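Okay, structure first, notes after.
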Amino acid sequence: MTAPTAPPLPSPRGAVATLLLLAVVTLASVVITHWLSEAPIAANREHYQQQLLKQLVPPQTASIVALDDATSWQAIGPNGQRLATVHAGKAMGYGGAIRLLVAFTPEGKIVAVRVLEHHETPGLGDKIERRKSPWVDQFEGRHQDALALTPSGPIEALTGATITSEAVIRAVVAATPAAPSATTSPRETPDE
């Protein structure tokens, strides 16, 4: 009786070549997907930011004018008067950077706060979003110097998300406008 023979093993070169080809195809598909999705993602972010800007400015706003630094806007009324100024702020939270927009009256009071982007814990820190919780509404009508967490201040922290709450306060403070600069000039932006 003869012993059955085992099938020949594939050559190591063939396996390496197959793996290399698979890696190249996968890498190419990731690069192409990134390249194809980059512009739509940027357009969606811009659209979302424009929607938030419209939520932040008073209803009688005739136009939203961007300032030279590209992180500040002015809401201009029908008679050319400045109704509000919107500034972007950023601070590190529990899950990463928190980016937000803050609208201020000409007197420096906060009109509203809206979160542009965050990576906070779902169910806890994500309550900084206006669509999930009215928590950010407690900033309305306050000045920068009146932003502190309770018990020492008037802002109540999100339960279980103190780091996130403190980060939002830091981002609001970072967005607080400095004294108006004579070198800051507006340029028209679409308010669609």
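The values are calculated or read from the model by the stated rules, or taken from the named source; none is laboratory data. Bear in mind that the values here come from a model prediction, so they are computed numbers and not experimental data. Here Cβ is always computed from backbone atoms with ideal geometry, including for glycine, and neighbour counts include all displayed protein chains. Calculation scope for accessible area: heavy atoms of the full protein, side chains included, ligands and nucleic acids excluded. Shrake-Rupley method; radii C 1.70, N 1.55, O 1.52, S 1.80 Å.
Within region 97-129, being in a loop (DSSP other than H, G, I, E, B) and free of Cβ contacts under 8 Å to residues at least 24 places away in the same chain holds for THR105, GLU107, PRO122, GLY123, GLU129. Hey, could you check region 70-94 for residues that are out of contact with any strand residue (DSSP E or B) (no Cβ under 7 Å at 6 or more places or on another chain) and in contact (Cβ under 8 Å) with a residue 40 or more places away in the chain and say which is most open to solvent (accessible area, probe 1.4 Å)? Once the filter is applied, the top-ranked residue is TYR94. The single condition among (1) closer than 30 Å to THR162 by Cβ; (2) over 22 Å from the mean Cα position of the chain (by Cα) that PRO78 does not meet is (1). Of all residues in region 123-173, those satisfying the criterion of being small (Gly, Ala, Ser) and modelled with pLDDT under 90 are GLY123, GLY125, SER133, GLY141, ALA146, ALA148, SER152, GLY153, ALA157, GLY160, ALA161, SER165. Somewhere in region 177-188, is a residue within 22 Å of LEU53 (Cβ to Cβ), modelled with pLDDT under 85 and charged (D, E, K, R)? Taking every residue of region 177-188 in turn, at least one turns out to be within 22 Å of LEU53 (Cβ to Cβ), modelled with pLDDT under 85 and charged (D, E, K, R). When the residues of region 161-176 are filtered to those that are of a type in the set (Gly, Ala, Ser) and touching a strand residue (DSSP E or B) at 6+ places or on another chain (Cβ under 8 Å), the one that is surrounded by the fewest Cβ atoms within 10 Å (Cβ to Cβ) is ALA174.
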